[in-house]
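The values are calculated or read from the model by the stated rules, or taken from the named source; none is laboratory data. From a predicted model like this one, the values you see are computed outputs, not experimental measurements. Positions of Cβ are backbone-derived with ideal geometry, glycine not excepted, and every protein chain shown enters the neighbour counts. The protein model used for the area step is the full one, side chains on, heavy atoms only, and it has no ligands, DNA or RNA in it. Shrake-Rupley method; radii C 1.70, N 1.55, O 1.52, S 1.80 Å.
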Amino acid sequence: MCSHYQTLKDAELLLKKFGAPNKPAGGKYDMWPGYDGVIVRRPPEHDAGDEAVPEREAVVGRWGMIPPGTPAAKLPSAGKVPTFNARSETAHKLWTFRSAWAKAQRCIIPADAIFEPDWRSGAAVATRFTRADGAPLGIAGLWDRWRDAAGQVQESYTMLTINADQDPLFRDYHQAGKEKRMVVILPEGAYGDWLTAPADATRDFLVPFPADRLVATPMK
């Protein structure tokens, strides 16, 4: 799983690489669960027939899904549940994610880098993963909305993960004896289809990114 990533500092890259018309205010660069970050998605109003609605939008949301039906009284406890990653094998049937999955509420999470721990030395060494060509990462995610205690609509999102036991790169990370997981990094050519494909096509996109197109850099 991924519990730390860095989003984009360069607002122009959101337009150039992800087709977002603007970079919204707010959000952090170094992202940890519960922080507000930027996602790119198809606007919920896109199918309303309004030509003024863009194909894509960038919005700020909480990294860690809050289900839309969460009662206000349960928001504090819901916010402590680790929902920043969603297992692609089970997301469609878990209450936290199943509504977003069924409605094809998919998003792209722009990132400069993601971090994973390398335990091969016996101690966790934070390792920074970037694309070898220097381009930003586009991570596959789901988004949803909930109402906070004040009745205001809030956005939230999660990263989708797949098994990495056989991946040439990510199989070496996380603790020995535990299942290896990796986030889904989308190829640039798949961005448009990922945001617009029907729900039953979601799994077609959940494949490993080529290991030889990534660089892993230990932080110490």
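Details
- Complete set of residues in region 110-135 that are closer than 23 Å to Pro168 by Cβ and open to solvent by less than 10 Å² (accessible area, probe 1.4 Å): Ala111, Ala113, Ile114, Glu116, Thr127, Phe129
- Residue count, region 106-126 (criterion: part of a strand (DSSP E or B) and modelled with pLDDT under 95): 5
- Just so you know, in region 208-219 the residues that are part of a loop (DSSP other than H, G, I, E, B) and under 12 Å from Val183 (Cβ atoms) include one that is least open to solvent (accessible area, probe 1.4 Å), and it is Phe209.
- For the residues Gly151, Gly138, the requirement of being open to solvent by less than 70 Å² (accessible area, probe 1.4 Å), in contact with an Asp or Glu (Cβ under 8 Å, 6 or more places away or on another chain) and either at pLDDT 95 or above or more than 20 Å from Ala58 (Cβ to Cβ) (or both) singles out Gly138.
- Only residues that are free of Cβ contacts under 8 Å to residues at least 24 places away in the same chain and aliphatic (A, V, I, L, M) were counted in region 174-200, giving 1.
- Restricting region 157-207 to residues that are in a loop (DSSP other than H, G, I, E, B) and among the charged types (D, E, K, R), the residue that is surrounded by the most Cβ atoms within 10 Å (Cβ to Cβ): Lys180
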